[in-house]
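Some notes on the structure that comes next.
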Amino acid sequence: MSRHAVGVARITALIPAHNEEALISAAIRGLLDQSRIPHKIIVVADNCTDGTVSAVEAMGEPRVFVFETAGNTDKKAGALNQALGVVLPGLDDDDVVLVQDADSILNSDFVGNAAVHLDSDRGLGAVGGTFRAVPSAGDASLMTRFLVHLQDNEYARYARDVRRLKGKCLVVTGTAALFRASTLRKISAARVAGTLPSGNGAGGVYDTTVLTEDNELSFAVMTMGMRILAPSDCLLVTDAMTTWKELWAQRLRWKRGAVENCVQYGFTSVTASYWGRQALSIAGVLVTAAYLGSLVWSLIFTGGIVVQPFWLAVTGIFVLERGITLKDKGTGRRLLAATMYELPYDLFLQVIHARAYLDSVFKTKKVW
């Protein structure tokens, strides 16, 4: 039994950081401003060559510590495994670990609300949140603001979907998530025992061989018989990609990682709905290709656009969806979305989806 009363479990925050000198102080201040402040905040400095460590130390906060990785070549997952290897042995089963990205800032009640959900529902293995996009500090170019705006719309639609499902989510994202220490211990032990995937056979909480460690860890939590949740009262902001090149790399990693996590776990009761979503995603790519192909065919062979009732109906449905799903952003933003100005962005994402499937099938080199 834990030596801490229910609701008084210690909360340890881990912030993996690779060259985050410009952002790390804001992330830490966001945690120190919480209604329920973590007992300890540990910045996991991974192969930093900038002033990340100095920036943390300069804050002079007694609750904040630096853990520097040693010889890590496994990116974020490897850095977190090293830190958890030191932190977990000192925690009780009911103590909580918060893992948060360095470019995220939590709403002031995020930690407290998430902890209440964990305390009140023993079937929960992890609690994350929903988020909105903000641009990097100091970058105010028109193209950057527009690209961030598009990502913010996308995140708003995701948040709406999750809220309508009462917090049921596909993944507790790496932006921020809370886990009981007992959950993380069980996952690590299951990897060693071979009942959960561990690509390099080294065990640890995180599988260091995957592209999307947060998605894989969500699968692991659910495979162990627990649920994941992203409740509407757990909100945060996170830095958005500021160039199309960065966005391409991020989303290709996300999409390919999700596909390969499905293959990694196979078809199970946990992954069945995820396989279904992959099928819908493929269908979406094919429908988009057919839609554009019909326009090109019409232009080439008829010299103009011939309006087909079927495609007109598809367009009408898409217009309605664009506006309805941006309810959170107000009437003006919803009406703007109905103009279909986001179509190039959606096509961009569809191309990424197609590329991710091809990369997965042909097993091209993985790029983090």
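Counting only residues that are in contact with a strand residue (DSSP E or B) (Cβ under 7 Å, 6 or more places away or on another chain) and either of a type in the set (A, V, I, L, M, F, W, C) or in a helix (DSSP H, G or I) (or both), how many does the range 215-227 have?
5
Going by the conditions given, is THR49 over 21 Å from SER188 (Cβ atoms) and in a loop (DSSP other than H, G, I, E, B)?
yes
Any idea which of ALA115, ALA159, ALA181, ALA102 is among the aliphatic types (A, V, I, L, M), within 17 Å of the chain's Cα centre (by Cα) and open to solvent by less than 10 Å² (accessible area, probe 1.4 Å)?
ALA102
Output the residue which, of all residues in the range 228-248 that are within 20 Å of LEU98 (Cβ to Cβ) and either part of a strand (DSSP E or B) or touching a strand residue (DSSP E or B) at 6+ places or on another chain (Cβ under 6 Å) (or both), is most open to solvent (accessible area, probe 1.4 Å).
Residue satisfying both the conditions and the ranking: LEU235.
Checking the condition in contact (Cβ under 8 Å) with a residue 60 or more places away in the chain and hydrophobic (A, V, I, L, M, F, W, C), which residue from ALA70, ALA55, ALA77, ALA45 passes?
ALA77
Mind listing whichever residues of the range 184-201 are open to solvent by less than 20 Å² (accessible area, probe 1.4 Å) and not in a helix (DSSP H, G or I)?
LEU196
Given TYR206, TYR274, which one is closer than 20 Å to LEU178 by Cα and either in contact with a Gly (Cβ under 7 Å, 6 or more places away or on another chain) or not charged (D, E, K, R) (or both)?
TYR206
Has the range 315-326 got any residue that is touching a Phe, Trp or Tyr at 6+ places or on another chain (Cβ under 8 Å), among the aromatic types (Phe, Trp, Tyr) and within 19 Å of TYR155 (Cα to Cα)?
If we filter the range 315-326 for residues that are touching a Phe, Trp or Tyr at 6+ places or on another chain (Cβ under 8 Å), which is where we start, we get none.
No, every residue in the range 315-326 fails to be touching a Phe, Trp or Tyr at 6+ places or on another chain (Cβ under 8 Å), among the aromatic types (Phe, Trp, Tyr) and within 19 Å of TYR155 (Cα to Cα).
Report, by residue number, each residue of the range 1-22 that is open to solvent by less than 50 Å² (accessible area, probe 1.4 Å) and modelled with pLDDT of 95 or more.
Hits for the range 1-22 are ILE11, THR12, ALA13, LEU14, ILE15, PRO16, ALA17, GLU20.
Let's see how each residue does on (1) assigned to a strand (DSSP E or B); (2) under 18 Å from ASN215 (Cβ atoms); (3) in contact with a Leu (Cβ under 6 Å, 6 or more places away or on another chain):
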site	(1), (2), (3)
GLU61	no, no, no
PHE65	yes, no, no
THR73	no, no, no
ASN81	no, yes, no
ASP119	no, no, no
ARG160	no, no, no
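Can you name the number of the only condition in (1) open to solvent by 60 Å² or more (accessible area, probe 1.4 Å); (2) charged (D, E, K, R); (3) touching a residue at least 60 places away in the same chain (Cβ under 8 Å) that LYS363 fails?
(3)
Might you let me know whether the range 141-154 holds any residue that is in a loop (DSSP other than H, G, I, E, B) and closer than 30 Å to GLU20 by Cα?
First, pick out the residues of the range 141-154 that are in a loop (DSSP other than H, G, I, E, B): 141.
From what's left, closer than 30 Å to GLU20 by Cα: 141.
Looking through the range 141-154, at least one residue is in a loop (DSSP other than H, G, I, E, B) and closer than 30 Å to GLU20 by Cα.
Considering only the range 46-73, state which residues are surrounded by 14 or more Cβ atoms within 10 Å (Cβ to Cβ) and either among the polar types (S, T, N, Q) or touching a Phe, Trp or Tyr at 6+ places or on another chain (Cβ under 7 Å) (or both).
ASN47, THR52, THR69, ASN72
Determine which member of the set GLY257, GLY276, GLY284, GLY303 is farther than 25 Å from TYR345 by Cβ and not hydroxyl-bearing (Ser, Thr, Tyr). If you could, list the steps in order and put the result at the bottom.
Values: GLY257 fails: farther than 25 Å from TYR345 by Cβ; GLY276 fails: farther than 25 Å from TYR345 by Cβ; GLY284 fails: farther than 25 Å from TYR345 by Cβ.
Only one candidate passes the filter, namely GLY303.
Can you find a residue in the range 202-214 that is within 21 Å of ASP233 (Cα to Cα) and at pLDDT 95 or above? Steps first, answer last, please.
Applying the first criterion (within 21 Å of ASP233 (Cα to Cα)) to the range 202-214 yields 214.
Pick out the ones that are also at pLDDT 95 or above and you get 214.
Yes, that holds for at least one residue.
Applying the selection to the range 181-200, what residues are out of contact with any strand residue (DSSP E or B) (no Cβ under 8 Å at 6 or more places or on another chain), more than 16 Å from GLY78 (Cα to Cα) and among the hydrophobic types (A, V, I, L, M, F, W, C)?
ALA189, ALA190, ALA193, LEU196
The values are calculated or read from the model by the stated rules, or taken from the named source; none is laboratory data. Just so it is clear, the structure is predicted and the values come from calculations on it, not from any experiment. No Cβ is skipped: glycine too gets one built from the backbone with ideal geometry, and neighbour counts run over all protein chains shown. Accessible surface is based on the protein model in full, side chains and every heavy atom, while ligands, DNA and RNA are left aside. Shrake-Rupley method; radii C 1.70, N 1.55, O 1.52, S 1.80 Å.
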